Structures are given as structure tokens and as C-alpha cells.
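Input: a single structure, listed below in C-alpha cells.
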2 protein chains.
Amino acid sequence: MMIQYKTKPTAEACLASINAVRDALYVLNGKWKMPLIIALVNGPKRFKDIQRSLQDITPKVLSKELRDLEMNEFVERKVFDTVPVTVLYELTPYADTLGPILEALRAWGTEHRQRIVESRRSEPVAV
Amino acid sequence: MMIQYKTKPTAEACLASINAVRDALYVLNGKWKMPLIIALVNGPKRFKDIQRSLQDITPKVLSKELRDLEMNEFVERKVFDTVPVTVLYELTPYADTLGPILEALRAWGTEHRQRIVESRRSEPVAV
DNA sequence: GATACCGGTATCCTTTTGGATAGTAGTATC
DNA sequence: GATACTACTATCCAAAAGGATACCGGTATC
């Protein structure tokens with residue numbers, strides 16, 4: 001049997017990173033959460049306005065995603081007693097701490113799309 | 001009817017950000033992809049070693065995730081003609097461009113866990 | 001001969017995710 | 001009176017993600 005260094009320094013650090021990223025993904029995972037947060041960075045929006053920003057999201061899914069974000073304290077739901085009622089969704093200060101993640105994803109996504117487009121150009125066309 | 005500024009500068013920029021993030025998520029989404037990439041940052045690993053790093057991942061899922069990462073050019077699979085064969089999975093230079101995203105997630109995840117732990121401390125215990 | 005390691009597959013199943021479609025109460029508008 | 005808006009909910013369904021379990025051929029080890 002081989003002697004295993006179960007806690008090699010690099011292995012330990014690696015495991016810690018993996019777990020930290022898993023913790024982050026646990027609340028941010030999914031198709032809509034981060035795009036939805038971005039949709040609110042320029043100020044609070046109403047339900048239908050968000051739906052328009054994120055074209056293609058159905059009301060059921062949007063409603064569920066908003067509830068998730070509320071539970072994780074990224075979003076606050078504010079109801080105004082107008083007639084008919086107005087509901088605004090607003091980012092919390094805690095959501096602001098996601099800035100670096102969102103900016104990194106935005107930057108990388110932009111480059112990635114460029115890369116894909118360019119690689120398509122040099123490929124034969126498949127029918 | 002209200003006149004809508006369909007292409008307000010901020011709305012345009014917002015939409016571009018949303019789409020960029022969506023592009024990024026399209027290849028990075030899921031429970032395992034980013035943790036898996038981190039498991040390989042300290043050098044190439046063998047199948048079983050990765051499985052041990054990401055405790056709990058089943059071979060079927062790991063195999064699928066590795067194939068996905070290979071298709072997106074984040075990982076290269078290298079087979080060595082030993083007896084029995086040795087297979088190494090190694091990050092490509094393109095995977096290195098994910099550095100800022102992973103680092104941002106790691107940092108945020110670490111803080112987030114702290115926050116959760118602290119908020120649990122001040123809560124009544126539910127049975 | 002039994003067991004263990006390697007690099008996976010095969011099969012089956014559950015859960016989660018996401019979507020399509022329709023509908024609701026209330027107001028306002030044409 | 002018909003239609004449209006807001007902020008959703010209800011129902012049903014398809015697809016994807018993820019997991020449990022078992023297994024394979026080959027080698028090596030006890």
C-alpha cells in the first residue's frame with residue numbers, strides 16, 4: 001500500500017478553493033440568477049420590466065428566481081400601495097459584493113463569443 | 001400610451017452584459033465544471049485522482065463533465081501507452097483565461113460561508 | 001484464488017430546471 | 001363591451017442534471 005499525503009499543502013489549498021467555489025455556486029447556479037441580478041444593477045425594476053429585459057423568461061420561472069434571490073438576500077421586494085399596486089425589485093447592498101464575479105464573467109463571455117465567431121469563420125460549412 | 005426609449009444607452013449596455021454573462025454561463029454552468037477545473041490547476045491528474053479531489057462525484061458524471069470540458073477546449077485528455085494505460089487530464093492555455101472568474105468566485109464564496117456561519121450563530125435553534 | 005487498482009460504461013432512476021399555456025383580479029382605455 | 005395592462009399563480013409537461021449501482025477487461029498484489 002502506498003503512503004498518501006492526505007494533507008499536502010497544495011492539495012489542502014486546492015480543496016479549500018473547490019469548496020469555496022461550490023459554496024458560491026450553490027446560490028448562484030442556474031441559467032437566470034446572474035443575468036437577473038445584472039438586469040437590476042441600474043436601479044429597481046418592476047416585474048414586467050425585468051421580463052422584458054431578460055427576454056424569453058416565463059413569468060413562472062421569473063417569479064421563482066426572484067423568490068430565490070430574495071431568500072438569499074440579493075434582492076428586496078417592495079410593494080407600493082398604488083392603484084393598481086406597483087411592485088419593485090431592488091438589489092441589496094449584499095448583491096453589490098457580487099460585482100467582481102459578474103464583471104469577470106462579463107469580460108470573459110465577451111472574449112469567448114469573439115473566439116467562437118472567429119473559429120466558425122475558418123471552418124467549413126456543415127449542412 | 002407611454003413612449004419607450006427602447007435603446008437607452010444604459011439599457012443597451014445592460015443587455016450586452018446580460019448576453020455576455022449568458023455566453024459564459026452556457027459553457028461553465030453546472031455543479032461540477034468550475035470545481036473540476038480548479039482540481040486541475042496544480043497540474044494534470046488521472047481519472048481516479050480527480051474523483052478523489054472532488055469527493056462524491058460518480059464516475060459517470062465525471063466522465064461526462066470531462067468530455068464537456070474537452071469539447072470546449074478547457075481540458076486535454078492524454079493517453080500514455082503504459083501497461084495498463086495511464087490517462088492524464090490537463091488544462092489547456094484557454095482554461096487559464098478563466099482565472100479571474102474562478103478567483104472571484106473563490107473569494108466571494110469564502111466570505112459568503114463566513115456570513116452564513118455567523119448568521120446561524122445568532123439565530124434560535126430550530127428542531 | 002481473492003482482492004484491489006485503473007479507466008471507464010451501462011442501466012436505471014430521481015430530482016431539478018425550465019418552459020408552454022392558460023387564467024385571475026383589478027384597473028384603465030378605446 | 002372588448003381589449004390591454006400589471007403581477008402574478010396554476011397546471012402540465014419535457015429535458016437535463018445528477019446520482020446509485022453494477023459491471024467490464026486488464027494488471028498486480030496478497
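If you take the residues in the range A:61-74 that are among the hydrophobic types (A, V, I, L, M, F, W, C) and within 11 Å of DNA strand D (Cβ to nearest atom), which one is most open to solvent (accessible area, probe 1.4 Å)? That would be A:Val61. Is there any pair linking a residue in the range A:39-61 that is closer than 19 Å to A:Lys78 by Cα to one that is more than 13 Å from DNA strand D (Cβ to nearest atom) and part of a loop (DSSP other than H, G, I, E, B), with Cβ under 6 Å and at least six apart or on different chains, and which? Close Cβ pairs (under 6 Å, with a partner that is more than 13 Å from DNA strand D (Cβ to nearest atom) and part of a loop (DSSP other than H, G, I, E, B)) amount to A:Ala39/A:Leu54.
With respect to the conditions (1) away from DNA strand C (no atom under 15 Å from the Cβ); (2) open to solvent by 70 Å² or more (accessible area, probe 1.4 Å); (3) over 15 Å from the mean Cα position of the chain (by Cα), B:Ala13 lacks only one, and its number is (2). If you go through the range B:36-60 and keep only what is more than 10 Å from DNA strand D (Cβ to nearest atom) and either of a type in the set (Gly, Ala, Ser) or open to solvent by less than 50 Å² (accessible area, probe 1.4 Å) (or both), you end up with B:Leu36, B:Ile37, B:Ile38, B:Ala39, B:Leu40, B:Gly43, B:Lys45, B:Ile50, B:Gln51, B:Ser53. Quick check, is B:Glu76 away from chain A (no Cβ under 13 Å), at pLDDT 95 or above and touching a Pro at 6+ places or on another chain (Cβ under 9 Å)? Yes; evaluated as a whole, the condition is true for this residue. In the set (1) within 10 Å of DNA strand C (Cβ to nearest atom); (2) within 10 Å of chain B (Cβ to nearest Cβ), the condition left unmet by A:Asn42 is number (1).
The values are calculated or read from the model by the stated rules, or taken from the named source; none is laboratory data. Quick caveat: nothing in here was measured; it's all calculated off a predicted structure. Here Cβ is always computed from backbone atoms with ideal geometry, including for glycine, and neighbour counts include all displayed protein chains. Protein only, heavy atoms only, side chains kept; ligands, DNA and RNA dropped before computing areas. Shrake-Rupley method; radii C 1.70, N 1.55, O 1.52, S 1.80 Å.
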